[in-house]
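The values are calculated or read from the model by the stated rules, or taken from the named source; none is laboratory data. Everything numeric here is computed off the predicted structure, so don't read it as measured data. Here Cβ is always computed from backbone atoms with ideal geometry, including for glycine, and neighbour counts include all displayed protein chains. Remember, those area values only see protein heavy atoms, side chains included, never the ligands or the DNA or RNA. Shrake-Rupley method; radii C 1.70, N 1.55, O 1.52, S 1.80 Å.
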Amino acid sequence: MTDCIFCRIVAGEIPADVVARTDAVIAFRDIAPKAPVHVLVVPMRHEPNVAALAAAAPEVLAEMAAVAQQIADAECGGEFRWIFNTGAAAGQTVFHAHGHVMNSGSLGWDA
Ligand code: AMP
């Protein structure tokens, strides 16, 4: 989707601070971090939210979990929060599925 900012990052049209990549998943640092470790784990394919992704491609969601754990192992001792805002009222602003990997410094985050 050309009007989706994460699709444009996947396509290489917009730069991002990429920390991990697989065939189906890309992970990059949040442009406005809310914790010392704040990485977005994003499927290459466009789905509007995590439930839609789970229905359409559960194997990609499983791959995202593995990538999230790898990032946490490397950056915050393997313990992390994994947040999927779903819907505007819940704080979702980018309607391409993504999980926020955040360290324990994010415990006050409620965006
Ligand atoms: P959400 O509010 O759950 O939809 O999360 C979207 C996240 O994407 C926010 O935390 C934004 O700071 C982040 N974001 C938006 N644009 C970019 C970008 N170009 N590069 C990295 N992170 C971004």
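Take region 1-53 and flag every residue that is in contact (Cβ under 8 Å) with a residue 60 or more places away in the chain, more than 10 Å from the ligand (Cβ to nearest atom) and surrounded by 16 or more Cβ atoms within 10 Å (Cβ to Cβ). Answer for region 1-53, where residues must be in contact (Cβ under 8 Å) with a residue 60 or more places away in the chain, more than 10 Å from the ligand (Cβ to nearest atom) and surrounded by 16 or more Cβ atoms within 10 Å (Cβ to Cβ): 7, 27, 35, 37, 41.
Residues checked against (1) over 19 Å from residue 86 (Cα atoms); (2) polar (S, T, N, Q); (3) assigned to a loop (DSSP other than H, G, I, E, B); (4) modelled with pLDDT under 95:
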residue: 6; (1), (2), (3), (4): no, no, no, no
residue: 13; (1), (2), (3), (4): yes, no, yes, no
residue: 23; (1), (2), (3), (4): yes, no, yes, no
residue: 34; (1), (2), (3), (4): no, no, yes, yes
residue: 40; (1), (2), (3), (4): no, no, no, no
residue: 52; (1), (2), (3), (4): no, no, no, no
residue: 59; (1), (2), (3), (4): yes, no, no, no
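Selection over region 66-96 of residues that are open to solvent by less than 40 Å² (accessible area, probe 1.4 Å) and either hydroxyl-bearing (Ser, Thr, Tyr) or more than 8 Å from the ligand (Cβ to nearest atom) (or both) gives a count of 8.
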